[in-house]
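What follows is one structure encoded as structure tokens, with my remarks underneath.
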Amino acid sequence: MIGIISRRLLQSALVLLAMSFVVYGLMGLMPGDPIDLMIAADPRLTAEDALRLKALYGLDQPWTERWVRWLAQVARGELGYSRLYARPVADTMAPAMVNTALLMLTSLALALALGLPLGILASLRPGSWTDRLVTVLATASVSVPVFWLGLMLIVVFAVTLGWLPAGGMGETGGGGRLIHLILPGSALALAGLGQYARHMRAAMLAEAGADYIRTARAKGCGPARVLLHHQLRNALIPVVTIVALELGGLFSGALITETVFAWPGMGRLIYEAVMGNDFNLALSGLLLATVMTLLGSVLADFAYWRLDPRVRVR
């Protein structure tokens, strides 16, 4: 297992290197640069000042050379300086990462806690009213736009009933942040539980006719033990893949939801960095999402190894 994880980490490092090259090149193709924006904002700067500043920051060199120099800086732990926020990129991203992790982990936990039991319940009696009801709920979950769902939650629980705040993040202590987390977390959870319910149902039905299930029943295993110890364990494998892919979104943020609820997370931060031509901040945020997606893939391999004994043999 150590060898498999080591190979996966090496592959992930190569993919990250290639992605940094591609993202850096795409960012370099964006019209204008920080010096052009600086000149537009300050009419006192001359063309000679622009040339001098571009030479000072290396913007007059090919982007491939700048990419190599940027890699050397990242290797030393230097992510650069944010032009929009006038402070280091790491200091700018840290609070947004915490806020996004809090929102996304909460919504993911709620979606799994609701979606997986619904999928299991629907698989017990295929074609029944329970199965049809769960299918309708799952279809509605994946079909309803998250921004519309968020607005409806605000109208009902914030405007009409006045039970919860409509947006923002509130104070750190005293449960203020937790109260502000309820609506955006619920919107993301309701929009995501449908895919988990559908995949869980499909995986459980696929495993229900397997030979090992019939063997377990023939040996006298009770229905609950067959369901939870044998069938569920193997049915979780495709669900683990979906959860692993969602890990990248944990730190890249949910732009639409964060915008609707004015939640200061990574989604809004990356969007503002791209629109504001904040090169260092946008690049670091996009590559962070890549790192988390690759990390999720590695963790998924480890989960496969724990769930499926056949993986341990290879």
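The values are calculated or read from the model by the stated rules, or taken from the named source; none is laboratory data. No experiment lies behind these values; they were computed from the predicted model shown. Don't worry about glycine lacking a Cβ; one is built from the backbone with ideal geometry, like all the others, and counts go over all protein chains shown. Quick note on the areas: whole protein, heavy atoms, side chains included, nothing else; ligands and nucleic acids left out. Shrake-Rupley method; radii C 1.70, N 1.55, O 1.52, S 1.80 Å.
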Packing-based ranking, highest mean first, of 136-144, 10-18, 109-117, 260-268 given that Cβ atoms within 10 Å are counted: 260-268, 109-117, 136-144, 10-18
Carbon-plus-sulfur fraction of the accessible area of segment 100-256, 1.4 Å probe, in percent? 70
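To two decimal places, what compactness ratio does segment 90-201 give when its Cα radius of gyration is scaled by 2.2 N^0.38 Å?
This ratio for segment 90-201 stands at 1.23.
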Give or take rounding to whole Å, what are the principal axis extents of the alpha carbon atoms in segment 90-311, in descending order? 63, 43, 32
Name the residues whose placed amide hydrogens come within less than 5 Å of the amide hydrogen of Ser82, ignoring near sequence neighbours (fewer than 5 apart) on the same chain. Arg87, Val89
